[in-house]
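A quick write-up on the structure given underneath.
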């Protein structure tokens, strides 16, 4: 698969694979709307590419003023001086101007209980972890499916998650997901709230990537 095609494939997956989150304690990536007048609402738009095209980005939905229950994936994009966040509000998924979002809590809460999507480069790879199962994708190869044998806080921390993935057909995979706020995947202009290091996908070599929450 050509590099450009795989780049488009990977960067689109976090949006396409978004799924309802596991019930969790509200935290840093659950938001409420702030700074919007009662008579107005906050637009949810398609991904905004640059400052000049914001008004051209399609409006997918709206969030009422002071409304809560806005679930962030942890993916964000700096547009000019403003950071936009990928969110889900009820059944609508898209991008929201972060200037009008306030975290429900300053703490991470139970965000890492959510399903996860991770991706990295050198070699290109992606990992989806959802409901006790995992799927690994690499270019020019069929997806490989694993069972999640271990999923637990790393050393009791609420900002780090240890994973062990097993399969009858492939080597065991170990992964450590940590909250890093601004993780760059090296492929796109997006930032992600979580970083992952993974062993077993490419022999003994440790690979690095970024993760978002599938919510």
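The values are calculated or read from the model by the stated rules, or taken from the named source; none is laboratory data. Remember, predicted model here, so these are calculated numbers, not experimental data. When we count neighbours, we look across all protein chains shown, and the Cβ atoms used for this are built from the backbone with ideal geometry, even at glycine.
Quick notes on this one:
- Residue 107 being within 12 Å of residue 44 (Cβ to Cβ) and not in a strand (DSSP E or B): no
- Options 157, 145: the member that is farther than 19 Å from residue 113 by Cβ and surrounded by fewer than 15 Cβ atoms within 10 Å (Cβ to Cβ): 145
- Scan of segment 50-61 for residues that are within 11 Å of residue 95 (Cα to Cα) and without any contact (Cβ under 8 Å) to a residue 24 or more places away in the chain, ordered by number: 58, 59
- Of all residues in segment 25-35, those being buried (at least 19 other Cβ atoms within 10 Å of the Cβ), more than 17 Å from the chain's Cα centre (by Cα) and part of a loop (DSSP other than H, G, I, E, B) number 0.
- Candidate set from segment 161-179 (those that are free of Cβ contacts under 8 Å to residues at least 24 places away in the same chain and part of a strand (DSSP E or B)); member that is nearest to residue 136 (Cα to Cα): 166
- Screening 146, 192 for residues that are under 19 Å from residue 108 (Cα atoms) and either in the same structural domain as residue 72 (by TED's automatic domain parsing) or assigned to a strand (DSSP E or B) (or both) leaves exactly one candidate, 192.
- Residue within segment 106-124 that is at pLDDT 95 or above, on the phi < 0 side of the Ramachandran plot and exposed (fewer than 14 other Cβ atoms within 10 Å of the Cβ) present: no
- Selection over segment 62-96 of residues that are in a strand (DSSP E or B) and either farther than 19 Å from residue 214 by Cα or within 13 Å of the chain's Cα centre (by Cα) (or both) gives a count of 21.
- Number of residues in segment 160-188 that are closer than 26 Å to residue 96 by Cβ and either at pLDDT below 90 or not assigned by TED's automatic domain parsing to the domain that holds residue 142 (or both): the value is 5.
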